[in-house]
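Scroll down for the structure; my scribbles are underneath it.
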Amino acid sequence: MSASFGKFDTSDFDAFISEFENKIKGKQIATEVQGALTKTAGVVIRKAKQKTPVDQGTLRRNWQASGAKRHAGVFLIDIFNNIEYAPFIENGHRIVRGGRTVGYQSGIFMLRDSLREIDNNWENLVGKKFLKAIENLLED
């Protein structure tokens with residue numbers, strides 16, 4: 001014996017499920033991007049530390065990265081050194097004695113050069129792994 005209760009339109013429910021799945025996949029992709037940024041920041045910091053001159057080691061020890069975050073559709077991560085003289089070592093500075101400029105110390109470009117190296121090697125470091133993760137998500 002069977003009973004019939006009528007017909008149900010499931011198109012709204014199907015649309016809801018589809019949107020829900022897309023949001024989950026979007027969050028998974030965002031997580032992959034954040035992971036890739038965090039990994040890349042670690043490589044940049046390691047390279048910047050290698051390029052940082054050492055007197056007492058304070059400047060070298062203070063390279064840091066903020067957590068990866070998303071703002072206005074863009075993923076961001078800050079790499080910084082909070083030692084007050086870090087910008088002078090990075091960018092160069094005047095040498096002043098007795099109130100007179102007696103020379104100029106060129107910058108070391110620890111961070112700039114490290115970022116350029118990573119930019120040139122992005123695909124080898126992270127790109128292939130990241131693209132594979134996105135392909136796996138889209139295949140589901």
(request) Starting from the Cα of K39, draw a straight line to each of the lysines and keep only those under 29 Å, dropping any in the same chain fewer than 8 residues away. (result) K23, K25, K27, K47, K49, K51, K69, K128, K129, K132
(message) Let me spell out the model: positive unit charges on the Cβ of Lys and Arg, negative unit charges on the Cβ of Asp and Glu, origin at the Cα centre of the range 11-139. What dipole size does that give, in debye rounded to 20?
(response) 900 debye
(message) Quick check: Cα centre of the range 16-45 to Cα centre of the range 82-96, how many Å?
(response) 36 Å
(request) Would you tally the net charge around K27, using a Cβ to Cβ cut-off of less than 12 Å, leaving K27 out, and scoring K and R as +1, D and E as -1? (result) +1
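All of the numbers you see were taken from the coordinates with simple rules; none came from a lab. Here the structure is a predicted model, which is why all the values come from computation and not from measurement. Every residue, glycine among them, receives a Cβ derived from its backbone with ideal geometry; neighbour counts consider all protein chains shown.
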